[in-house]
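Enquirer: Input: one structure, supplied below.
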Amino acid sequence: MKLCLAGKSTKEVGEELGIRTELVRRWKREHEQYQEGSFSGHGNANMTAEQIALFELVIV
């Protein structure tokens, strides 16, 4: 993601890393939507701060 934020296009990043451009685009969209909550890994759902607050209210 840092490469895209540094000004490289998703196409350039994909070519540099040897991965499909669409994958880089998807990662970029996810990062723009969730910021620090993106790329949680291990099948964990990505949630916005509001969603986390609502989840905590329901669980507690």
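Enquirer: Just to be sure, is E32 assigned to a helix (DSSP H, G or I), surrounded by fewer than 13 Cβ atoms within 10 Å (Cβ to Cβ) and modelled with pLDDT under 85?
Expert: yes
Enquirer: Still on this model: Looking at region 2-20 only, could you name the residues that are among the aliphatic types (A, V, I, L, M), surrounded by fewer than 12 Cβ atoms within 10 Å (Cβ to Cβ) and within 15 Å of H31 (Cα to Cα)?
Expert: Within region 2-20, L5, A6 meet the criteria.
The values are calculated or read from the model by the stated rules, or taken from the named source; none is laboratory data. Since the structure is predicted, the reported quantities are computational estimates derived from the model, not experimental observations. Methodologically, a virtual Cβ is constructed for each residue, glycine included, from the backbone with ideal geometry; neighbour enumeration extends over all protein chains shown.
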